Amino acid sequence: MKKNTRSLALNPTAHPDRRLVLAAATGSAVAAMMPSVARARDVGNAMEEALAKVFEAEKPVALAGRFWKDGQTVWQGARGLRRAGGDAAVTVEDVWHLGSNTKAITAALWARLVEQGRAQWDRPLTQVVAAAFPDMAVHEAWADRTVEDFLRHRAGLYDTRHINGLWLMTARADRKPLTEQRRAMVGRILGAAPDGPRGTFQYGNANYILVGALMEGLTGQSWEDLMRAEVFAPLGIATGGFGPPPGDQPWGHNGERPVDPAGGGGDNPPALGPAGTAHMALEDYGRFLNAMMSPGWLSQDSLDKLLTPLEGEEYALGWIAMGRRGWASGPVLMHSGSNTMWFATAVLAPAVQQAFVTVANDAAQGQRACSILIPQMIAASTAS
């Protein structure tokens, strides 16, 4: 049954269909290189068949997927409508909302600033805040935290106190510049004691809003402008933006109801941006995903930092670390995101240079559809 409730971006570590993705990661060992053109065609045919079957069984408004090997698209497909009740079909060029998969991009943006000497990984939080917002008071109990702790959701900052119904209502109505809104939130958070101890994982959007605000204070640019300058432009991402995709594109759905992106209710408040408001076409999303597996835009040291969890933990920086899998000849990373109107799942296998993505413009049915399609795509890529 579809729900008409609205809430914040889903916790990708908790949604019930994550087990389907985990099960797929136990498949047989993949060949070291993608074989012949005929083999690639067989893989594409199998993925197209999987897309058709999952779309028919789960009935999301629209469902799309894409598979890359060595930075090249092996398969892409899309089924369904841009909005329920309409007649425009989705295409493989359409733009999709990424939800909390934005977090990995925000973490990579911080790494980019570190490489440029404009930020640091291990600098104490109090020193970072002093550089970003010299007049901001910070409670002494935050002194042992670093920005990396927030990016790993282990800084003792909990959404339940800061990202709630009251904040949603007030943030939607707030007309101040987004940089001011985020700075005000950071001031409220850091002016009081942490919500919990350092080192205990607690997934939350406030962690990434805080880091985004610190980047704004350090650089004098909004997070959105930094994304355009340091992510979209150098990677050649032409369709990147924020909020629901505008124009002649798919609409998100609140239950069975399509939500007009021009109406103001098609996404979380814009201030949440660093935690989950990015959108782009899958071709462009692949530019980012492949940049996470090969040095160039970032160094190998930065990629290792972003994709590696601390010992005994399962979350890296914007990625769930699923551990080593035979089919991937190494570690597998995944993340899902939703603003309750869209759903997206991405899986990376860096050792074999493979990336998988599924997206839907209907989170109610799309969550399960994406979670079923991803393991079937992985199985198709590893079949002998």
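Counting only residues that are open to solvent by less than 40 Å² (accessible area, probe 1.4 Å) and under 18 Å from ALA344 (Cα atoms), segment 73-106 holds 19 of them. Only a single criterion out of (1) modelled with pLDDT of 95 or more; (2) under 20 Å from PRO244 (Cβ atoms); (3) not acidic (Asp, Glu); (4) not in a strand (DSSP E or B) is not satisfied by ILE374, namely (2).
Taking the criterion of being open to solvent by 40 Å² or more (accessible area, probe 1.4 Å) and touching a residue at least 12 places away in the same chain (Cβ under 8 Å), the residues of segment 178-192 that qualify are LEU178, THR179, ARG183, ARG188, GLY191. Exactly one residue among GLY217, GLY240, GLY204 is under 14 Å from the mean Cα position of the chain (by Cα), open to solvent by less than 50 Å² (accessible area, probe 1.4 Å) and closer than 24 Å to MET136 by Cβ, and that residue is GLY204.
Sub-9 Å Cβ pairs linking a first residue in segment 303-325 that is farther than 15 Å from PHE201 by Cα to a second residue that is surrounded by fewer than 14 Cβ atoms within 10 Å (Cβ to Cβ) and among the hydroxyl-bearing types (Ser, Thr, Tyr), at least 6 apart or interchain, are ARG325/THR26, ordered by first then second residue. Filtering segment 326-339 to residues that are in contact (Cβ under 8 Å) with a residue 24 or more places away in the chain and either crowded, with 24+ Cβ neighbours inside 10 Å or in a strand (DSSP E or B) (or both) leaves ALA328, PRO331, VAL332, LEU333, MET334, HIS335, SER336, GLY337, SER338, ASN339.
Only one of the numbered conditions (1) in a helix (DSSP H, G or I); (2) within 19 Å of TRP68 (Cα to Cα); (3) touching a strand residue (DSSP E or B) at 6+ places or on another chain (Cβ under 6 Å) is not met by SER381, and that is (3).
For ALA171, the conditions (1) open to solvent by less than 30 Å² (accessible area, probe 1.4 Å); (2) modelled with pLDDT of 95 or more; (3) part of a helix (DSSP H, G or I) all hold with the exception of (2).
Please verify whether PHE232 is free of Cβ contacts under 8 Å to residues at least 60 places away in the same chain, under 30 Å from VAL352 (Cα atoms), assigned to a helix (DSSP H, G or I) and among the aromatic types (Phe, Trp, Tyr), treating the condition exactly as stated. So PHE232 passes the test.
The values are calculated or read from the model by the stated rules, or taken from the named source; none is laboratory data. Nothing here was measured: the structure is a model prediction, and the numbers come from that model. Reconstructed Cβ throughout: ideal geometry from the backbone, glycine too, with neighbour counts over all protein chains shown. Surface accessibility is based on the protein's heavy atoms, side chains included, excluding ligands, DNA and RNA. Shrake-Rupley method; radii C 1.70, N 1.55, O 1.52, S 1.80 Å.
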